[in-house]
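**Q** Just dropping this structure here.
The values are calculated or read from the model by the stated rules, or taken from the named source; none is laboratory data. Source: prediction; values computed, not measured. Reconstructed Cβ throughout: ideal geometry from the backbone, glycine too, with neighbour counts over all protein chains shown. Each accessible area value is taken on the protein alone, full model and side chains, heavy atoms only, with ligands, DNA and RNA left out. Shrake-Rupley method; radii C 1.70, N 1.55, O 1.52, S 1.80 Å.
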Amino acid sequence: MFKRTLVTTALPYANGPVHIGHLAGVYVPADIYVRYLRLKGREVLFVGGSDEHGVPVTIRARKEGITTQQVVDRYHELIKSSFERFGISFDVYSRTTSAIHHQFASDYFRKLYENGKFIEQTTEQFYDPETGHFLTDRNIRGECPHCHAAGAYGDQCEKCGSTLSPEELINPYNAETGNALVKKPTSHWYLPLDQYQEWLEKWILEGHKEWRPNVYGQCKSWLDGGLCPRAVTRDLDWGIPVPVEGAEGKVLYVWFDAPIGYISNTKELCDAQPERWGKWETWWKDETTRLIHFIGKDNIVFHCIVFPAMLKADGSYILPDNVPSNEFLNLEGDKISTSRNWAVWLNEYLDDFPGKQDVLRYVLTANAPETKDNDFTWADFQARNNNELVAIYGNFVNRALVLTNKYFEGKIPESSDFTEYDRQTIDEFKNVKTQLESLLEEFRFRDALKEAMNLARIGNKYLADTEPWKLAKTDMARTATILNLSLQIAANLSIAFEPFLPFSSAKLRNMLGLKDVDWNALGSLDLLPAGAQLGEISLLFEKIDDAPIQNQLDRLARIKKENEEAAKQAELANWKPQAIKTPVSIEDFDKLDIRVATVLDCQPVKKSERLLQFKLSDGTGERTILSGIAQSYPDPSVLIGKQVLFIANFPPRKMMGIESQGMILSAVDADGKLVVTTTSRTVHDGVSVG
């Protein structure tokens, strides 16, 4: 049915570099799929671009004291060049600040507006009266209503992971200024998703049961909850101006604007190269085109419900056939966070590990979060490189090439009759093409990579079992057959790994003297003609030592320490004392005998984690008081010589076998510690307070 395939990837915000979470969730699987389709000879267009509107870029600009345009210019170029260096093979990578996109998005909005597809609503939204700005969810912070962490965002708490709305936050404030917020009415245009509820239920729940469970399940959850109108405009000063009268100071909401970028970027490419790509409408309005969106799980709703509703509202566009969405990738046991700098940034990786693009591509695919959140660790990165790429794949290829150089002057030897073991080995990989295709067509990239690596395992075992370096002493004909078959397996590996590891596959083909990649030849034994000369031989993969790995771990340790200190400072800055308790009468207060005493000694109570034993001089003699503040004073000797307040007329109480004769007065400070009330000036022991 389908003549061509259009593949899109989620547009990264141009407010910082891309990191391994983006790569594992979206870009590596998309690139594997596109490279596979190209190898199959299918017509495919791979579209990407930078999302340059929205709040994150404006926050970055204000933080750095530069213009928003300067921010997006810098990071668009950084992201684009990083993708190119990493081998993400976009046919077009453009941006949402392009003139073509501004015009296209404006025209798209205007058409829906004129056709009555929007509704206008006035709602109360959070407003900063000091700056004069309405705030979006990401601009708002406050106390999380679930875990009570300070500084939760208006759309999510990064500590407990809860999805939030600004209305749920306790004491919301402007994330940039710290100003308290008020509610103020404002009018916007909305896409009435509720009007598309029935159509979406039929299209998704009945028509796309083959979608991944996480995608289908999240869509069903939203549909079961009932869809509501969704705003398509915002009160911001950065973005595409709403192209209708009475919309001054309003821009297109970034989640209306951004997915239209897939279409405008396609138009930009087709207009520039019509002889190669034809008309853009062929890719977006021809029913024989298959549309595939690669996204992360946080974008499922927008690509499966909101964007399809936008396309349906226009009525002339094709709809996505599949939306492969991965779960999240964590880093060393913690959620990747741009704001906390807890990430492995692609541009930094490329600088720190030059020439090792395929190592990261391999690790991110082998550990891909296809069905659940997974964890990236530098120990696993090193182990997979050294124990799999080097010890299995690279070892097999290197031995086959080096032995051919040694015994046959670097020429492909002639093969003779196969033994039973040879035929068994051939049978093990004769279906590799069918198996890889089946897995790749179903977007099971992790399993497909395992299948490709299994071919390397077969080759490695074959060489180890046949030991041609021993046979060369007595039987060169048999040695020639073994090395011929080994080299044919290596040639197959250069094809099988091409979608996954393009750099090393090209390197291997050069060493084998293999000029072209023919996917249809995968599994055959005549890829290399006898007598052909091998190219220059070098290691396909190199071992990664401990030092560069330790550098990465040290960097993360520094970042973790900085984050903990920053979180502590933020908590202190937002600390508020507990509410004052119910008033008591002066008569009740007057019953307490509060006195001052000098601390003569202070020791931890044995077998207790929280009790300190005070020896006090209170003017009437000495007394012992136990106080549960040990965790706030790791070195209780600092209290010796201090004067403290205590209640003298509480009845004695035994704890841990020791009689406590009163209560030390303490208070909770901003970092949660219990601090005793001390005085630095001399007060006569036993003086009453009151």
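**Q** Under the condition of being under 58 Å from the mean Cα position of the chain (by Cα) and surrounded by fewer than 19 Cβ atoms within 10 Å (Cβ to Cβ), which residue from the range 612-627 is nearest to SER660 (Cα to Cα)?
**A** It comes out as THR624.
**Q** Can you name every residue in the range 569-602 that is among the charged types (D, E, K, R), within 30 Å of HIS148 (Cα to Cα) and outside any loop (DSSP other than H, G, I, E, B)?
**A** Across the range 569-602, the qualifying residue is only GLU571.
**Q** Of everything in the range 78-93 that's open to solvent by 10 Å² or more (accessible area, probe 1.4 Å), in contact with a strand residue (DSSP E or B) (Cβ under 9 Å, 6 or more places away or on another chain) and outside any loop (DSSP other than H, G, I, E, B), which residue is farthest from TYR190 (Cα to Cα)?
**A** GLU84
**Q** Among the numbered criteria (1) of a type outside the set (A, V, I, L, M, F, W, C); (2) closer than 30 Å to LYS63 by Cβ; (3) in contact with a helix residue (DSSP H, G or I) (Cβ under 8 Å, 6 or more places away or on another chain); (4) open to solvent by 30 Å² or more (accessible area, probe 1.4 Å), which single criterion is violated by THR371?
**A** The one condition THR371 does not meet is (2).
**Q** Taking the range 393-402, which residues are open to solvent by less than 20 Å² (accessible area, probe 1.4 Å) and of a type outside the set (Phe, Trp, Tyr)?
**A** If the condition is that a residue be open to solvent by less than 20 Å² (accessible area, probe 1.4 Å) and of a type outside the set (Phe, Trp, Tyr), then GLY394, VAL397, ALA400, LEU401 are the ones that fit.
**Q** Restricting to the range 293-346, what's the tally of residues that are of a type outside the set (Asp, Glu) and within 13 Å of the chain's Cα centre (by Cα)?
**A** 23
**Q** For the condition free of Cβ contacts under 8 Å to residues at least 60 places away in the same chain, buried (at least 22 other Cβ atoms within 10 Å of the Cβ) and of a type outside the set (A, V, I, L, M), what is the one hit in SER486, SER524, SER538, SER494?
**A** SER494
**Q** Scan the range 259-279 and tell me whether some residue there is in contact with an Asp or Glu (Cβ under 6 Å, 6 or more places away or on another chain) and open to solvent by 30 Å² or more (accessible area, probe 1.4 Å).
**A** Looking through the range 259-279, none of the residues is in contact with an Asp or Glu (Cβ under 6 Å, 6 or more places away or on another chain) and open to solvent by 30 Å² or more (accessible area, probe 1.4 Å).
**Q** Now, a different point. Please determine, by comparing only the residues of the range 416-445 that are among the hydroxyl-bearing types (Ser, Thr, Tyr) and at pLDDT 95 or above, which one is nearest to the chain's Cα centre (by Cα).
**A** The residue in question is SER438.
**Q** The conditions are (1) in contact with a helix residue (DSSP H, G or I) (Cβ under 8 Å, 6 or more places away or on another chain); (2) on the phi < 0 side of the Ramachandran plot, and GLY523 fails exactly one of them. Which is it?
**A** (2)
**Q** If I go through the range 30-60 residue by residue, how many of them are more than 19 Å from the chain's Cα centre (by Cα) and assigned to a strand (DSSP E or B)?
**A** 5
**Q** Could you tell me how many of the residues in the range 407-433 are assigned to a helix (DSSP H, G or I), touching a residue at least 12 places away in the same chain (Cβ under 8 Å) and open to solvent by 80 Å² or more (accessible area, probe 1.4 Å)?
**A** 1
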